[in-house]
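The values are calculated or read from the model by the stated rules, or taken from the named source; none is laboratory data. Because the structure is predicted, anything quoted here is derived from the model rather than measured. Every residue, glycine as well, gets a Cβ built from its backbone with ideal geometry; the counts of neighbours run over all protein chains shown. We work out accessible area using only protein heavy atoms, side chains counted, and drop any ligands, DNA or RNA first. Shrake-Rupley method; radii C 1.70, N 1.55, O 1.52, S 1.80 Å.
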Amino acid sequence: RTPRRVVDDMFAAFTVTASAVRAPCAMHSRTAQPHQSARIAAFSTGAGRRELALSTARRQGQSHGVAARKIEATAHRANVQATATEVDEKEAVCYLRGVRMSASKVRRVLDVIRGKSYEECLIMLEFMPYRSCEPILNALFSAASNAKNNLGMNKAKLYVSECYADGGATMKRFQPRAQGRPFAIRKRTCSLVLKMKERED
């Protein structure tokens, strides 16, 4: 056969195959048209639009109502916890920041006075041979004054309920050493928190 006939035969086969593939798609589209037209006709009327609006409003109202109830419940729990904290945990606090010594040197003194009464702490800090006793004594005086003046507590019933020290900023200095090499000097600082409560009889 000539090349012209070969090309004609290939074109005829391609046309038959394409028509066979398009036939099911056309049939599916023809069968789906009545349902789509019925749906469009239903929602094009006033009753259909009102029904759609009502169903949407119900769903939104239910979701908003559930969210509002959850928010109200969370706020109520937070208020109850805050009230209980204010009533149960009445304590005086003193924050001392920028103390020029390491936190480990302050902690060894705080571990001794934790849980002790105000008078016992005064005696211990007065005679302990550590340099960190001075800032801790100042913080103790401040916390006791806050308890008496701001909260109306009795100093004779106060005790150290909580105390801790955290590391602060470190100042870096350098000192010349052998062969002109710099030797780093780290000057530590810490922050001190001391809390006092009134002991119940």
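Remarks
- Only residues that are in contact with a helix residue (DSSP H, G or I) (Cβ under 9 Å, 6 or more places away or on another chain), within 29 Å of Glu200 (Cα to Cα) and not in a helix (DSSP H, G or I) were counted in the range 92-127, giving 7.
- Take the conditions (1) among the polar types (S, T, N, Q); (2) in contact with a Lys or Arg (Cβ under 9 Å, 6 or more places away or on another chain); (3) open to solvent by less than 60 Å² (accessible area, probe 1.4 Å); Asn154 misses just one of them, which is (3).
- Output for the range 179-197, where each listed residue is within 32 Å of the chain's Cα centre (by Cα) and either modelled with pLDDT under 90 or open to solvent by 80 Å² or more (accessible area, probe 1.4 Å) (or both): Arg188
- Flag for Ala147 being surrounded by 19 or more Cβ atoms within 10 Å (Cβ to Cβ), of a type in the set (A, V, I, L, M), outside any helix (DSSP H, G or I) and at pLDDT 90 or above: no
- Restricting attention to the range 158-178, the residues that are touching a residue at least 24 places away in the same chain (Cβ under 8 Å), open to solvent by 50 Å² or more (accessible area, probe 1.4 Å) and over 31 Å from the mean Cα position of the chain (by Cα) total 1.
- Scanning the range 180-197 for residues that are charged (D, E, K, R), over 23 Å from Ser145 (Cα atoms) and in contact (Cβ under 8 Å) with a residue 60 or more places away in the chain turns up Lys187, Arg188.
- Being among the polar types (S, T, N, Q) and farther than 16 Å from Lys197 by Cα is a description that does not apply to Ser142.
- Taken residue by residue, the range 100-116 has no member that is more than 29 Å from Arg199 (Cα to Cα) and at pLDDT below 85.
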